[in-house]
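Below you'll find the structure, written out as structure tokens, and then a few comments.
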Amino acid sequence: MSALQADQSDLKAIRFSVAQQIGRVSPEDALAIFDALESIETDFMIGAWKGEGFETGHTMDGMLERCHWHGKRFESLEHVHPLVFRKASGKLTSVKPLLVMPGMGLLERMPFLKSTFVGKLFQWTLPLLSGRKSAARLRMTTYRGKPSATMIYDNLPINDIFRKVDDNTVLGIMDLKGTKAPFFFVLRRDNP
């Protein structure tokens, strides 16, 4: 990597960090940051990742965190656990997306579903929603003009596309069929 490429990479990471420090950016600014980041290959995603929000005013902002979302686990290109949560006991569990994702449309009509109380209630129901079977896979797809690693849900019209912030951090976009704006999130390697 040349010095110029390194400087450009540093500027992109700084822009991402500033957006996180601000706490909320517009969807347009988030897309500009995402578009400027480097594409990644699927092998880059293998391992466990801890998730956090990247707020843009989306209906889902903060919901996963209130439900005790931990992140994602990529065991191989064919075996991905897209929704890993922390149970009340502190142990991690993979949740079956088909059981929890269809209710996302309710968020717009019933904002109380994003409350801390509902998040705690969700945490207590995790044993009923958990499964050991993977629920997604990794592939390369082209999104917004760039090929990049993409997590494709097995049974839902959802793709999560990833771009590299640094060797241990990616910015992700959840592209859900039928929604107007993408949902942004950050993944950081768990025990890099």
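See the values below:
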quantity	calculated
Gain upon complete extension [L98, T142; 0.36 nm per residue less C-alpha separation]	13.4 nm
Built amide H within the under 5 Å cut-off of D190, gap 5+	A48, W49, K50
Which of D61, D154 has the fewest Cβ neighbours within 10 Å, and the rest in rising order	D154, D61
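Every read-out reported here was derived from the displayed coordinates using simple, explicitly stated rules and does not represent laboratory data. Bear in mind that the values here come from a model prediction, so they are computed numbers and not experimental data. Every residue, glycine among them, receives a Cβ derived from its backbone with ideal geometry; neighbour counts consider all protein chains shown.
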